[in-house]
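The values are calculated or read from the model by the stated rules, or taken from the named source; none is laboratory data. Computed from a prediction, not measured in an experiment: that's the story for all the values here. Glycine gets a Cβ as well: all are built from the backbone with ideal geometry, and neighbour counts include every protein chain shown. Heavy atoms of the whole protein, side chains included, go into the accessibility calculation; ligands, DNA and RNA do not. Shrake-Rupley method; radii C 1.70, N 1.55, O 1.52, S 1.80 Å.
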Amino acid sequence: MSDHTLFAQIKDEAARPDPYPLFARLRECPVSRQADGTYVAASHAAIASLLHDPRVSSETLPPADRPKTGNPLKDWLVKPVRDHITDTHRPFIFRDPPDHDALRAAVMQQFTPERVQALRARSHVLVDEILDRLGDATAIDIVDDLAYPLPVTVICELLGIPPADEAQFHGWATQLATALEPDTLQDDELRAENSRTFDAISEYMQGLIAQKRKEPQDDMLSGLATARADGHGRMSDFDLIATAILMLVAGHETTVNLITNGMLTLLRHPEELRRLREDPSRAPRVVEELLRYEPPVQFRTRKTLCPITQNGVTIPEGAPLVLLLASGNRDPEVYAEPDRFDPDRADNRHLGFGGSLHYCVGAPLARFEVEAALVALARRLKNPRLTVDPPPYRPGSALRGPKHLRLAIDGIAP
């Protein structure tokens, strides 16, 4: 096949178990134009340069277009208003400065060290509680039994979501994560379902925000709903709803993949699993290398605000651009033996959490959760082994991770 189809091959589900050989081929031309008109940056240097380039925009979502209901009043009056609100109050990962900066600053004011440290300790407690509930199991699905329940509980506690509502938040987050996949734009049925899901969670959040303002608690949503950001006033309800939804999806889906990719990698490297079991202090090193070696976010989409020349290729104004983070993480120009999993790697300037203005705000929390999960799994699972390798993968190519990771075990240690 022509090199101009490489990104299409990466998006194909057949590549999900191992897209890295395709990344290597794309890096031969650090910036390339694909057959569909998309430009792909695949080398570490090109990605880092474009991440920091103010001529590259994150406002890539198409105009909102909710499906028509057949009710003239709703379709001609309500729908345009709701679409306009959605377009003008996007989550801040899809916003450029100055809107992005103001919204991010408001969130960072609530991401206090005390709050994050409390959730670090809480993550260890939750992991042990989840494993305790499995009792005398001789099999475990890392995805269903741990990787999903842990982050949804943590993010709901952070935001102040009632525990009884956690189950529906899991379903909402899973659905809305599909909006990060580039092919969603061409799937009218999926876009319609995402619109319905967004409206459902927005309605829920609107009620919860009103409640938080009446009776604020020590949680992030209460803080955002009642705080006054310096010089900007309080975040609007529409921006607050979009921000809460972003926190839910980003704080949930990416952590699920990182836990699952991490356990799969350790099982494929049993010596590293043994070392982690015997020395839990290695966990931060393990997680940083996982963020390089098997990042949960494989790529992010951007567009150009004007023509940009990068590595000898001129990207025209308005062109769709893909920053292939996972490819940059395996660039031999930056990393010695990049395809080797090495938690003791000395210089690990990975792109696992993106970079520049849009560096992941929840990075410390994600690190703590994954450390807690992997340390507990290494310590408590007796003789874990994969039942299928490679495991089945979820369909998404931007957020990449196994759909299930089923293990046989000889029991769970106390």
**Report entry** Arg120 - accessible surface, heavy atoms, 1.4 Å probe, Å² rounded to 10
**Finding:** 90 Å²
Query raised in the report: How large is the charge dipole for region 328-370, taken about the Cα centre, if only the Cβ atoms of Lys, Arg (+1) and Asp, Glu (-1) carry charge, to the nearest 20 debye?
Result: 180 debye
**Report entry** region 197-271: C-alpha gyration tensor shape, a/c 1.5 cut-off, then a/b vs b/c
**Finding:** prolate
Query raised in the report: Once the piece of chain linking Arg349 and Ala35 is laid out straight, how much longer is it, given 0.36 nm per residue of separation minus the C-alpha distance between them?
Result: 109.9 nm
Report task. Classify region 223-346 as rounded, prolate or oblate, taking a ≥ b ≥ c as the square roots of the eigenvalues of its Cα gyration tensor: rounded when a/c is under 1.5, otherwise prolate if a/b is larger than b/c and oblate if not. Result -> oblate
Query raised in the report: Once Lys and Arg get +1 and Asp and Glu get -1 on their Cβ, which of Met220, Leu323, Ala408 lies farthest toward the positive end of the dipole of the chain?
Result: Met220
Report task. Any chance you could look up the accessible area of Lys382 with a 1.4 Å probe, heavy atoms only, rounded to 10 Å²? Result -> 90 Å²
**Report entry** Computed [θ] at 222 nm, helices only, for the chain once each DSSP H run of length n ≥ 4 contributes -39500 (n - 2.57)
**Finding:** -15000 deg cm²/dmol
Query - Distance between modelled label sites at Asp96 and Gln206, nm, 7 Å Cα→Cβ extension - result: 3.0 nm
**Report entry** Given charges at Cβ of Lys, Arg, Asp, Glu: region 237-379 dipole, positive-most of Gly352, Asn311, Phe341
**Finding:** Phe341
Report summary line: tail above 22 Å in the computed P(r) of region 296-411, as % of all Cα-Cα pairs, reads 55 percent
Report summary line: Counting only residues 5 or more apart in sequence or on a different chain, those whose built amide H sits under 5 Å from that of Val313 are none
Requested in this report: Heads up, I need the accessible area for Asp342: 1.4 angstrom probe, whole protein in place, Å², nearest 10.
Outcome: 30 Å²
**Report entry** FRET efficiency, His4 to Asp65 (Cβ-Cβ, R0 22 Å, nearest 0.05)
**Finding:** 0.15
**Report entry** Directionally averaged shadow of region 102-237, computed from the convex hull of its alpha-carbon atoms, nm²
**Finding:** 10.5 nm²
Query raised in the report: Based on Cβ point charges of +1 for Lys and Arg and -1 for Asp and Glu, what charge dipole magnitude is obtained for region 137-183 about its Cα centre, in debye rounded to the nearest 20?
Result: 120 debye
Report task. Quick one: grab the alpha carbon gyration tensor of the chain, order the square roots of its eigenvalues as a ≥ b ≥ c, and give me rounded if a/c is under 1.5, else prolate or oblate depending on whether a/b is larger than b/c. Result -> oblate
Query raised in the report: By accessible area of protein heavy atoms, probe 1.4 Å, what ranking do Asp87, Asp96, Asp36 get, highest first?
Result: Asp36, Asp87, Asp96
Query raised in the report: Residue by residue through region 167-184, which ³J(HN,Hα) values in whole Hz follow from phi under the Karplus form 6.51 cos²θ - 1.76 cosθ + 1.60 (θ = phi - 60°), with glycine and proline marked x?
Result: 4, 6, 5, 4, x, 4, 4, 4, 5, 5, 4, 5, 5, 7, 8, x, 6, 4
**Report entry** Simple Cβ-charge dipole of the chain, Lys/Arg +1 and Asp/Glu -1, about Cα centre, in debye nearest 20
**Finding:** 260 debye
